[in-house]
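Comments concern the structure below.
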Amino acid sequence: MEQELVSLADKVRPAVVSLSPYVPKDVVRQGLPSKGRPANAGAGVIFDAEKGFIVTNSHVVRNVQKIQVTFKNGDKVVGDVVGADEDTDLAVVQITTDQALTAVKFADSSKVKVGQLVVAVGNPYGLNDTTTFGIISGLKRENVNLSRYEDFIQTDASINPGNSGGPLLNIKGEVVGINTAIINYAQSIGFSIPSNMVLHVVKQLVEHGEVHRGWLGVGIDPITEELAEKNNSKMGVGVIVNSVFEGDPAHLAGLKVGDIILKIGGAEINSPNSLIRIIGTISPGQTINLDILRKGEHQVVPVKLESKKKKTSLMASLTPNDPIDLGFTVEDADPSDAGEKGPIVSIVIPESYAASKGLEAGDRILAVNGKSVENQQELENILSPIEKGGAIFVLILRNDKKIHLGLVREN
């Protein structure tokens, strides 16, 4: 086994590179520290040696067009950011070099099992070419609040800052995931984006520079015990439609409020996140079958999806009071209201991250990231410094109950 691990490391390490923002020599770096790695430095892995394509995390290349790529042997080259997808935290960098490149193969992440041995390669804390070993600790992790489309592989292979964008490999040296994040307050809990999702996103980034996703046009809620009993279904199986938007694909297909969506294209739906993720992997214009439960009877409804980008852009133009780009709008409470202070959620955009996390119109926002909020302006002041993809912890009041929600800034 030791010989296999040594052989694996020798084979894949040349394909793993270190990435950092490119700063031309003639640019005076005033105000920047003279030592240490840039905050968004990380790793990447070559997946196409012939064309020089590298996959990494979007937060590693955020706000830069040029990226410095450092190879295992210390050689450096400047690469271009081909495209980035904040919703999955993935990006593609392309380099041109005369030296022969080593690429990795991708495995089918749907076949990964808990307990499987894995190896992570990256550059934690500036320690280039670091290899760690562990197992797959869990699969299909969502509600981690790291990105919009979450279906993470959890591993106990040591992942630290600087590992971002590096590969998680099976014992054959094939990529099963791209390492994306850790939980700072926990030990031995790291997350990787499954290779199948990576391949889907990377293909579109290479071809279009962005990801084209489908749009269904419904508002959804999870199936609670009360809803399950009422609809003769099972708790946690499927999602219930709470709104259908006129003119959108779901409406044109005949979907109705109260329908329970059980499957999409044969894939089981067990949470709002899973529906959003699956719809997001389907190209606009494609027709899919929805298995639904309507008044206790099973039906199959074909739906032709539209472009998510087109719809969200239209909805943004219809909701000008959304200065914070979080997938919802707010308005100040009635001054005559002598109860709790805090702005009121007026609209939650369907299929937004806020909607997937359960935010509802009428919720009163009491605090954000531990700071109390009394009105819309205070909310904007707290949120404006938070960058796209940043985590936001919200305390809301709903029906006299205080609820904590974890959100992510989408734009």
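The values are calculated or read from the model by the stated rules, or taken from the named source; none is laboratory data. Fair warning: this is a prediction, and the values are worked out from it, not measured in the lab. Using ideal geometry, Cβ is built from the backbone for each residue, glycine included, and neighbour counts are taken over all protein chains shown. These area figures cover heavy atoms from the full protein model, side chains too; ligands, DNA and RNA do not enter into them. Shrake-Rupley method; radii C 1.70, N 1.55, O 1.52, S 1.80 Å.
Within the stretch 94-115, the set of residues being of a type outside the set (Asp, Glu), in contact (Cβ under 8 Å) with a residue 60 or more places away in the chain and out of contact with any Leu (no Cβ under 7 Å at 6 or more places or on another chain) comprises Leu101, Thr102, Ala103, Val104, Lys105, Ala107, Ser109, Ser110. For the stretch 367-404, residues that are open to solvent by 20 Å² or more (accessible area, probe 1.4 Å), among the hydrophobic types (A, V, I, L, M, F, W, C) and modelled with pLDDT of 80 or more total 4.
Taking the residues in the stretch 325-353 that are among the small types (Gly, Ala, Ser) and at pLDDT below 80 as candidates, determine which candidate is surrounded by the fewest Cβ atoms within 10 Å (Cβ to Cβ). If we take residues in the stretch 325-353 being among the small types (Gly, Ala, Ser) and at pLDDT below 80, then Ser336 is surrounded by the fewest Cβ atoms within 10 Å (Cβ to Cβ).
Taken as a whole, the condition of being within 20 Å of Ser20 (Cα to Cα) and at pLDDT 85 or above does not apply to Lys113. Of the residues making up the stretch 63-95, those that are of a type in the set (D, E, K, R) and surrounded by 18 or more Cβ atoms within 10 Å (Cβ to Cβ) number 4.
For the stretch 136-145, the count of residues that are over 16 Å from Asp89 (Cα atoms), within 18 Å of the chain's Cα centre (by Cα) and modelled with pLDDT of 85 or more is at least one.
So, in the stretch 228-245, exactly how many residues are among the β-branched types (Val, Ile, Thr) and more than 11 Å from Asp259 (Cβ to Cβ)? So the answer is 1.
Scanning the stretch 302-313 for residues that are modelled with pLDDT under 80 and open to solvent by 90 Å² or more (accessible area, probe 1.4 Å) yields Lys309, Lys310. Taking Ile276 as the residue in question, decide whether it is within 12 Å of Leu216 (Cβ to Cβ), in contact with an Asp or Glu (Cβ under 8 Å, 6 or more places away or on another chain) and modelled with pLDDT of 80 or more. Criteria met by Ile276. Listed by first and then second residue, the pairs with beta-carbon distance under 9 Å, at least 6 apart or on different chains, first residue in the stretch 68-93 and among the hydroxyl-bearing types (Ser, Thr, Tyr), second assigned to a strand (DSSP E or B), are Thr70/Val17; Thr70/Ser18; Thr70/Leu19; Thr70/Ser20; Thr70/Lys76; Thr70/Val77; Thr88/Thr180; Thr88/Ile193.
Just so you know, in the stretch 1-22 the residues that are among the polar types (S, T, N, Q) and assigned to a helix (DSSP H, G or I) include one that is nearest to Val55 (Cα to Cα), and it is Ser7.
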